[in-house]
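Reviewing the structure listed below.
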Amino acid sequence: MALRSRFWELSSVCRKPGCGVAALATGSKPEVKPEVEPLGNEAVSPEFTNRNPRNLELLAVARKERGWRTAWPSREFWLRLRVVRTQHHVEALVEHRSGRVVVSASTREWAIKKHLYSTKNVVACESIGRVLAERCLEAGINFMVYQPTPWEAASDSMKRLQNAMTEGGVTLQEPRRIYE
């Protein structure tokens, strides 16, 4: 039964004029294909518009806004890892230099929260690092800057988050800018 219905679907498609399949055609004349100029297809437009907004960043040619030298944290980055620890949760964000959040992971998400005993301890930070590294790689982000405060850098949970990110394949240092 299934084969018969599939056959009739194919035969109804092939009965249309200009199908190109002569299995059920009534005439013996093959279909004529239009000729295509080979040089016309290979012509390249002299103007090219790059539609990827991050292409210059990926090539390490884009400008990095420096901001004021006295401002902390430094504004000289394309992508920055920002970790927010509250009283009850841990949240990690990858922020573009324009201020938009590109990728994020938080212990407020049920998919992460259901696997944790506590949403604010060292294991939670490590889990957030693993999840964020995976999401960054899926989004095509391999490099970012992490600028922890001195007391965050000494924290064991932040060290575990950094290790989880680097083990996940994300480099926590951006490549140097190439000057033309």
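On the accessible surface of the range 99-180, probed at 1.4 Å, how many percent belong to carbon and sulfur atoms? Mind showing how you got there, number by number?
Working: 2590 of 5030 Å².
Heavy-atom surface of the range 99-180 belonging to carbon and sulfur, 1.4 Å probe: 52 percent.
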TODO: Could you tell me the accessible area of residue 84 in Å² (1.4 Å probe, neighbours in place), rounded to the nearest ten?
DONE: 50 Å²
Open item on the list: Show me the trypsin sites (Lys or Arg not before Pro) within the range 103-180 that DSSP assigns to loop and that have at most 11 other Cβ atoms within 10 Å of their Cβ.
Closed with: 114, 176
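The values are calculated or read from the model by the stated rules, or taken from the named source; none is laboratory data. What you are looking at is a predicted structure, and each value in this text was computed from that prediction instead of being measured. In this analysis, Cβ positions are derived from the backbone assuming ideal geometry, glycine residues included, and neighbour counts consider all displayed protein chains. The accessibility values were calculated without ligands, DNA or RNA, using every heavy atom of the protein model including side chains. Shrake-Rupley method; radii C 1.70, N 1.55, O 1.52, S 1.80 Å.
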